[in-house]
Structure formats: structure tokens, C-alpha cells
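Colleague: Please see the structure below; I have some questions.
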Amino acid sequence: MKNTSIKDLLEKYAFAGSYLEQNNFDISGKEEMTIEEYLATFSEEEKEDMAFDSESIVKGLEEYIKQMLSFLGEDKNDVQSLTIIGGTNKSGEAESFGEFTISTGEIIAIVGPTGSGKSRLLGDIEWVAQKDTPTSRQILINNEKPDYKWRFSTSDKLVAQLSQNMNFVMDLTVAEFLDLHAESRMVENKEDIIQKIITCANDLAGEKFDLTTPITSLSGGQSRALMISDTAILSKSPIILIDEIENAGIDRKKALSFLLSQDKIVLMATHDPMLALLGDKRIVIKNGGIHKIIETTDEERSMLHEIEAVDQKVQNLRSSLRRGEILTSDSFK
Amino acid sequence: MNLVTVSGPPSSGKTAVILKTIESYQKQGIYVGVIKFDCLYTDDDILYEKAGIKVRKGLSGGLCPDHYFVSNIEEAFAWGQKEKFDVLISESAGLCNRCSPYIKEIKAICVIDNLSGINTPRKIGPMLKSADIVVITKGDIVSQAEREVFASRVNTVNPKAVVMHVNGLTGQGSFELSTLLYDKELDTDSLKGKQLRFSMPAALCSYCLGETRIGEEFQMGNVRKINLEQ
Ligand SMILES: Nc1nc2c(ncn2[C@@H]2O[C@H](COP(=O)(O)OP(=O)(O)OP(=O)(O)O)[C@@H](O)[C@H]2O)c(=O)[nH]1
Ligand SMILES: Nc1ncnc2c1ncn2[C@@H]1O[C@H](COP(=O)(O)OP(=O)(O)OP(=O)(O)O)[C@@H](O)[C@H]1O
Ligand SMILES: [Mg+2]
Ligand SMILES: [Mg+2]
Ligand SMILES: [Zn+2]
Ligand SMILES: [Zn+2]
């Protein structure tokens, strides 16, 4: 970098432009200089004003380039499986399941009373615990001791989260928002991807919306649909964690199968029977430990249709109320 | 004793994160105290006391709280030693985006929240750019995409920092943060001779000295005029 002009640097590493921009440097007209020459054009007073020191800026730029290159160079889907090796529960007793492996394309529900340790289990996974958390569990990725990059990298997180109380807060249209997200993920075929996300979101949501809609004025169902399809397509995280997804306005079954089609592992903390039974297995947590791992039985699966039917009826009642109708005993048939 | 400096914009979740982190330390038998620096008002000392944590507070009043921090941290450090803490955490309100209370060789944590807007990282100066660890809070109320965009902006302005997500309400991520803060190896006996990571701006104008009247003739010292020409 010492002898490279800013112009050549940006040609080679286009993303370095956003480092300079976000650090409030305007390099126009200075492209022929090296980065050090450019920084040397600032007087001490100007540096004081902008609050930077040249050495940190250069070091930061080197670090940024290194991180981005490693991010771009990675295979997109290198996680095939996740293994949990048992630790201890809150009383210090060993967990009895030994070892449990989850593969991409599987849905696992996590159930247990409040305070039992569901979030801790998810935390262990996200932190790729190596017997160094309160549970002493160990997490393997692809059957091996994982890279610590999962703990500290900003661009490569193991777990993406979707939950009930999440909202969009930015003041942008759907198109601007997706563009910004795609930009930060450094995808190449941005237009195609954005189109794919909106198509899929509209497929999941009851009511359609388009690219010019401001994200903050999407309905609850539309927001959730957009979040799911955006996370599935743009987030690199191989594991998706779902904390109760409300039923209204979105086809949850479709949403789950869509996530799975993107080769994700889906973990759900839920007590909703419809969601829990959509899972292949469920982990029962008790007193901080994994107490049992239950495989969804055929009988349970066959009940799913009945539960869905009841759920549909309740939803119909909701719609009737919304329309201002008076409910009769026929409404629940 | 370890000293850890925590700073961040108002209401970003500093106290919430510190409280959850201390919970993890208490389980491990590590003794932690807090010194809170603020400008005009704070209730934080009550929150810490309620959680059974020893705390002292200092209000800077008319001074920039970070300037006040540097002038008082040595005494605060001595108090912490007297109390025999393993770790003393300082919480400062980052009110002035130009100053920061970080000291060389002392862990520096910046707490900012997802709701503050994606252009916030570039607006905050050394408080964000020279931190060792940046903790992002309130991820529970924004979408995954916004969390990713926000974290990537933070990473762009400070690629050297470890960026962590902590939920100040549930404590998710606070155990993980706690493993990065306390390090017996980093124990220090005294702050004497240590240096700030970044100078604090040279500001000494008549208003610093209590002037309240508006008008050119009342402006003295280090005064700079805005340029309104295009
Ligand atoms: N939803 C949500 N709320 C949070 C989170 N972290 C903190 N809060 C809330 O945000 C508010 C401000 O948090 P504090 O911890 O007092 O913030 P602070 O930075 O210490 O504020 P000052 O010391 O006054 O500058 C409180 O109501 C917290 O409960 C979080 O991760 N999620
Ligand atoms: N095996 C364990 N050993 C020691 N502590 C544990 C263990 N499992 C969980 N804990 C601790 O127990 C507390 C409660 O756990 P957690 O927050 O994960 O519960 P939860 O099931 O998510 O509760 P909620 O339903 O309220 O969200 C946490 O402080 C966690 O660190
Ligand atoms: Mg929980
Ligand atoms: Mg506070
Ligand atoms: Zn200041
Ligand atoms: Zn002044």
C-alpha cells in the first residue's frame, strides 16, 4: 500500500472507497497520491478538527482490506452440520444426551419453561462454546472444532435472528433498504437478488407490496415476510434462529420451507404447537440442561392438520371481528 | 486492579450492559465496582446500588464530562483500590462527540444502539473509532438486516475493534462480553503517567469561562466562525 496511488488502490479494492467515505475523507482530485501522501496534506489543526491520526487510519485501512478479502474469498455455504456436546445443567449434573448433530435442512424446536436455559443454549451455539460458558457445552461445526472467526467477525455471524418484536426503523423504501443491505453484503448481481427477495416476500405475505413502499409503513405480516425473505437470501449466516413468529398475515409453513430451501439450519424457540410440530425434532430444556430430545412422531404430525384447521377457524373469527360482524355459533364451524 | 472504560451516547444502554456483565462476574466471584461520570443528572448510581454494586458518581456540571473524567479518574482509581475491587468499570456519558475517555493500555468499550441511525457511526469521533470493543444494543427491536447494516458500518469506521451484540434487557451476549473485559494480566497499580488515546480539543473561549451574552464583543479566546457562503 505504501507505493500505491489511491486510484490504483480503489481499482483493486473497490470496497476501500467506503472505508474512506465512512471516515469522512473526500479524496476527489487527490487520487494520484498514495494514502500516506494524502493524509499528510492535512495540517495538525485539521487533523485535530476531524479527530484522526494518520497512523490509525492507515492501519485501519489495511485491516479493513484484509477482512473484506477474506469475506469475499469464502465459499458461500460451508456449514453442513452443527454438533452440540453435552455439558452440565444448573445443578452441575452432566447432560445425558451425549452428542447431538443438526444438519442443514433440519428444523429444531426448543421448548422449556421460562428461565430454563433456552436462550443460554442458543447463546452457546452463537458463541461456538468451547466448554467456556456456564454450561460447559462444546459446539462443533462440520464435526470439527470451529474457527474462532464465528465469535468475532462482523460479516460472518453464525446465527441470524428473527423475532416477534422486531421492526424496521429506517426511513427508506423497500428498494433503498434492500439496496443498502445488498451493498453491505457486497453481492454482485444486486438487481436480480433484490427482485428475488421481493418476489418471495410477496409470496409469503397475504397482501402484496412493491419496491416503492416505505418499509416503516409495511403491515406486520408484510414486514415479517420481507424480513424472512431478506434474511434467507442476503444473510450469510447458516443458522436462523426464530423466536416465536406470529401467525397473522404470513404463511409460516411456506416461510420455513423457504428458509430450508436456502440450506439453512432452523432453530425455533416456541411453544406454539403448530410451529413446534413443523420441526423434525424438539429439544426439551429443564434446569439449564438439555433434558430430552424428542423426534416428532407420526401421530403428532398427523395432528398438525387438525391444529391448522382450528387455527384457521380462530383466524376467521379474527377477520370477522375486524370486519365489524357479529359472531354466531356458526362462526366457529 | 483492572480498569475498564465504558462510554457511549446517552441512553445507548451502557448501564444495562454493565449491570448484566457484572452479573456474570458475581457468579465467578469477581468483585466489581462502578464509577459513573455524567454532566447534569444521573440516576444510574441508584440502579447500581439496587443491584448490590458499589458505586460513586461525579457530575461535571459546566464542564465537558470527558474533560472532567481525565481530571478525576486517578482519584476514582484510588477509591477502587481501597475498596479492593478486581475490576473498576467507569461509565461515562458520551455527550460530546469529539472527546472520549479512553486511556492507552486500558480497555475501552463503546456502547451504541441500533436505533441511533446508520449514519451515526461516522458522526461519532474517537469515542467509537479508538474503542477496543464496540457493543451494539437494542438488536431485539430491529430487523436482522438493519443489524447487519449497522454492524457493518461500525466495522468500516473501526475495523480493529471487536464488535459484539448485547441485549441490555435479557443480557444475551453479556456473558460473552464479560470474557473479554477482565484479564488478570492487565492489572495496573496506578494510572500515573498513562496517556489518553486521543487528545481532547483545545477549547477555551469566553463561553467556557461563563460568558452568557451573545455578540462579537463578548467573544474572546479560541473562537471559530461558521462559513455560510456556498
Ligand atoms: N429493547 C432494548 N432496550 C434496551 C437495551 N439495552 C438497554 N435498553 C433500554 O434502554 C434504556 C436506556 O438504557 P441505559 O442502560 O440506562 O442507557 P445508558 O447508556 O446507561 O444511559 P445514560 O447513562 O443515561 O446515558 C433503558 O430503558 C434500557 O432498559 C436492549 O438491548 N434492548
Ligand atoms: N447449564 C447451566 N448452567 C449454569 N447456568 C445456566 C445454565 N443454563 C442456563 N443458565 C443460566 O440461567 C439463566 C436463565 O437462562 P435463560 O435466559 O437461557 O432462560 P430462558 O429459557 O431463555 O428463559 P425465558 O423463557 O425467560 O427466555 C441465565 O442466567 C443462564 O446463564
Ligand atoms: Mg430466553
Ligand atoms: Mg447509564
Ligand atoms: Zn468534549
Ligand atoms: Zn468555550
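The values are calculated or read from the model by the stated rules, or taken from the named source; none is laboratory data. Bear in mind that the values here come from a model prediction, so they are computed numbers and not experimental data. With ideal geometry, Cβ positions are generated from the backbone for all residues, glycine too; neighbour counts draw on all protein chains shown. SASA here: full protein model, heavy atoms, side chains in, ligands and nucleic acids out. Shrake-Rupley method; radii C 1.70, N 1.55, O 1.52, S 1.80 Å.
Colleague: Over the residues of the stretch B:1-124, compute the C-alpha Rg and express it relative to 2.2 N^0.38 Å.
Modeller: 1.02
Colleague: Mean separation of Cα pairs under 8 Å and 6+ residues apart, divided by the residue count of the stretch A:6-72: what relative contact order is that in percent?
Modeller: For the stretch A:6-72, the relative contact order is 40 percent.
Colleague: Could I ask something else about it? May I ask you to give the percent of accessible area on the stretch A:76-296 that is carbon plus sulfur, with a probe radius of 1.4 Å? Can you show the working numbers first?
Modeller: Working: 4330 of 8850 Å².
The value for the stretch A:76-296 is 49 percent carbon and sulfur by accessible area.
Colleague: Roughly how many nanometres apart are two label points built 7 Å out from the Cα toward the Cβ at A:ASN165 and A:ILE27?
Modeller: The two pseudo-label positions are separated by 4.3 nm.
Colleague: Hey, how many Å between the Cα centroid of the stretch B:68-109 and the Cα centroid of the stretch B:131-201?
Modeller: Each part reduced to its Cα centre gives a spacing of 15 Å.
Colleague: Right, something else. Hey, can you find the accessible area per residue of the stretch A:199-249 for me, probe 1.4 Å, expressed in square angstrom? Mind dumping the intermediate values first?
Modeller: Working: 1670 Å² over 51 residues.
In whole numbers, the stretch A:199-249 has 33 Å² accessible per residue.
Colleague: Which value in Å does the Kirkwood hydrodynamic radius of the stretch A:1-131 take, with 1/r averaged over all unlike C-alpha pairs and then inverted?
Modeller: Every distinct Cα pair counted, the radius reaches 19.5 Å.
Colleague: Right, something else. Output needed: percent of Cα pairs per 10 Å distance bin for the stretch A:6-72, bins running from 0 to the one holding the longest distance.
Modeller: 19, 57, 21, 2
Colleague: If you build a Gaussian network model of chain A, linking Cα atoms that sit under 10 Å apart, which residue out of A:MET274, A:MET50, A:MET186 swings the most?
Modeller: Fluctuation is largest for A:MET50.
Colleague: What nm distance separates the two modelled labels at A:LYS208 and A:ALA175, each placed 7 Å from Cα along Cα→Cβ?
Modeller: Using points 7 Å along Cα→Cβ, the separation is 1.7 nm.
Colleague: Under the rule of at least 5 residues apart or a separate chain, name every residue whose amide H is placed under 5 Å from the amide H of A:THR173.
Modeller: Amide H neighbours of A:THR173, under 5 Å, 5+ apart: A:ILE215.
Colleague: Defining a contact as two alpha carbons under 8 Å apart and six or more residues distant in sequence, what relative contact order in percent does chain B show?
Modeller: On the way: 394 pairs, mean separation 57.9, N = 230.
Here the relative contact order equals 25 percent.
Colleague: For the stretch A:199-333, what is the convex hull volume of the alpha-carbon atoms per residue, in Å³?
Modeller: Values: hull volume 21.1 nm³, N = 135.
So the per-residue Cα hull volume is 156 Å³.
Colleague: Mind telling me which of A:GLY123, A:GLY73, A:GLY279 comes out most flexible in a GNM of chain A, alpha-carbon contacts under 10 Å?
Modeller: Answer for the Gaussian network model of chain A: A:GLY73.
Colleague: Hey, what's the Cα Rg ratio for the protein assembly as shown versus the globular rule of thumb, 2.2 N^0.38 Å?
Modeller: Ratio of Rg to 2.2 N^0.38 Å for the protein assembly as shown: 1.07.
Colleague: Provide the buried accessible surface between chains B and A in square angstrom, both chains summed, 1.4 Å probe, rounded to the nearest 100.
Modeller: In total, this chain pair buries about 3700 Å².
Colleague: Let me ask something else about it. Springs between alpha-carbon atoms under 10 Å, Gaussian network over chain A: tell me which of A:GLU11, A:GLU295, A:GLU176 tops the mean-square fluctuations.
Modeller: Answer for the Gaussian network model of chain A: A:GLU11.
Colleague: Between the chain alone and the structure with every protein chain in place, find the residues of the stretch B:126-144 that drop at least 20 Å² of accessible area; heavy atoms, 1.4 Å probe.
Modeller: SASA drop of 20 Å² or more in the stretch B:126-144: B:LYS129, B:ASP140, B:ILE141, B:VAL142, B:SER143, B:GLN144.
Colleague: Shifting gears a bit: Using 12 Å as the cut-off for backbone N distance, which residues of the stretch A:35-71 belong to the label zone defined by a point 7 Å from the Cα of A:LYS2 along Cα→Cβ?
Modeller: Answer for the stretch A:35-71: none.
Colleague: Under 10 °C and 1.306 mPa s, how fast does the stretch B:1-49 diffuse according to Stokes-Einstein, given a Kirkwood radius computed over C-alpha pairs? Answer in µm²/s, whole number. Mind showing how you got there, number by number?
Modeller: Details: Rh = 11.9 Å.
Translational diffusion coefficient: 133 µm²/s.
Colleague: Let me ask something else. In Å, the Kirkwood hydrodynamic radius of chain A over pairs of distinct alpha carbons?
Modeller: After inverting the mean inverse Cα-Cα distance, the result is 23.1 Å.
Colleague: Could you run the Karplus curve 6.51 cos²θ - 1.76 cosθ + 1.60 with θ = phi - 60° over the stretch A:39-47 and give me ³J(HN,Hα) per residue in whole Hz, x for Gly and Pro?
Modeller: 5, 6, 6, 7, 7, 4, 5, 5, 4
Colleague: Write down the Kirkwood hydrodynamic radius of chain B, to one decimal in angstroms, obtained as one divided by the mean of 1/r over all alpha carbon pairs.
Modeller: 18.6 Å
Colleague: Counting pairs on different chains as well as pairs 8 or more places apart, how many Lys pairs in the stretch A:118-255 have Cα atoms under 23 Å apart?
Modeller: Lysine pairs, 8 or more places apart or on different chains, close enough: 24.
Colleague: About the Cα centre of the stretch A:108-162, how large is the charge dipole given +1 on each Lys and Arg Cβ and -1 on each Asp and Glu Cβ? Please answer in debye to the nearest 20.
Modeller: Values: 8 positive and 6 negative charges, 25 e Å.
So the dipole magnitude of the stretch A:108-162 works out to roughly 120 debye.
Colleague: Evaluate Rg over Rh across the stretch B:87-154, taking Cα atoms for both radii and Kirkwood's formula for Rh.
Modeller: Computed over Cα atoms, the ratio is 0.98.
Colleague: Collect residues whose amide H, placed 1.01 Å from N in the peptide plane, falls under 5 Å from the amide H of B:VAL142; neighbours closer than 5 in sequence don't count.
Modeller: Under 5 Å from the amide H of B:VAL142 lie the amide H atoms of A:ASN167, each far enough along the sequence or on another chain.
Colleague: Same structure, new question: Using alpha-carbon positions, what is the distance between the centroids of the stretch A:58-106 and the stretch A:140-211, in Å?
Modeller: Between the Cα centres of the stretch A:58-106 and the stretch A:140-211 lies a distance of 19 Å.
Colleague: Another one. Could you give me the ³J(HN,Hα) list for the stretch A:133-147, computed from phi with Karplus coefficients 6.51, -1.76, 1.60 and θ = phi - 60°, whole Hz, x at Gly and Pro?
Modeller: Running phi through 6.51 cos²θ - 1.76 cosθ + 1.60 with θ = phi - 60° gives 10, x, 8, 6, 6, 10, 10, 10, 10, 6, 6, 10, 5, x, 5 Hz.
Colleague: Ok, one more. For chain A, which DSSP H helices look membrane-span-like by this rule: Cα extent along the axis of 15 Å or more and mean Kyte-Doolittle of at least -1.0?
Modeller: A:54-72, A:174-185, A:190-204, A:220-234
Colleague: Using only the alpha carbons, work out the radius of gyration and Dmax of the stretch A:293-333 in angstrom.
Modeller: In Å, with Rg to one decimal and Dmax whole: 14.6, 45.
Colleague: Related question: Within chain B, which DSSP H helices have Cα atoms that stretch 30 Å or more along the helix axis and a mean Kyte-Doolittle hydropathy of at least 0.5? Present the calculation step by step, with values, prior to reporting the outcome.
Modeller: Values: long enough: none.
Long hydrophobic helices here: none detected.
Colleague: May I pose another question? Calculate the dipole size of chain B relative to its Cα centre from +1 charges on Lys and Arg beta carbons and -1 charges on Asp and Glu beta carbons; express the result in debye to the nearest 20.
Modeller: Once rounded to the nearest 20, the dipole reads 280 debye.
Colleague: Hey, with R₀ at 25 Å, roughly what FRET efficiency would A:GLU45 and B:LYS123 work out to, going by the Cβ-Cβ distance, to 0.05?
Modeller: Values: r = 21 Å, r/R0 = 0.82.
FRET efficiency, A:GLU45 to B:LYS123: 0.75.
Colleague: Report the local net charge at B:SER60: Lys and Arg +1, Asp and Glu -1, summed over other residues whose C-beta lies under 9 Å from its C-beta.
Modeller: Combined, the nearby Lys, Arg, Asp and Glu give -2.
Colleague: In nm, to one decimal, how far is the modelled label at A:SER96 from the one at B:MET220, with both set 7 Å along Cα→Cβ?
Modeller: 8.3 nm
Colleague: Go through A:VAL266, B:VAL223 and list them by solvent-accessible area, largest first, probe radius 1.4 Å.
Modeller: Ranking A:VAL266, B:VAL223 by accessible area, largest first, yields B:VAL223, A:VAL266.
Colleague: Could you tell me the relative contact order of chain A? Use alpha-carbon pairs under 8 Å, at least six residues apart, and round to a whole percent.
Modeller: Here the relative contact order equals 19 percent.
Colleague: Quick query: amide H of B:VAL135 versus all other amide H atoms, modeled in the peptide plane; which residues come in under 5 Å with a sequence gap of 5 or more or a different chain?
Modeller: Distant-sequence amide H within range of B:VAL135: B:CYS110, B:VAL111, B:ILE112, B:MET164.
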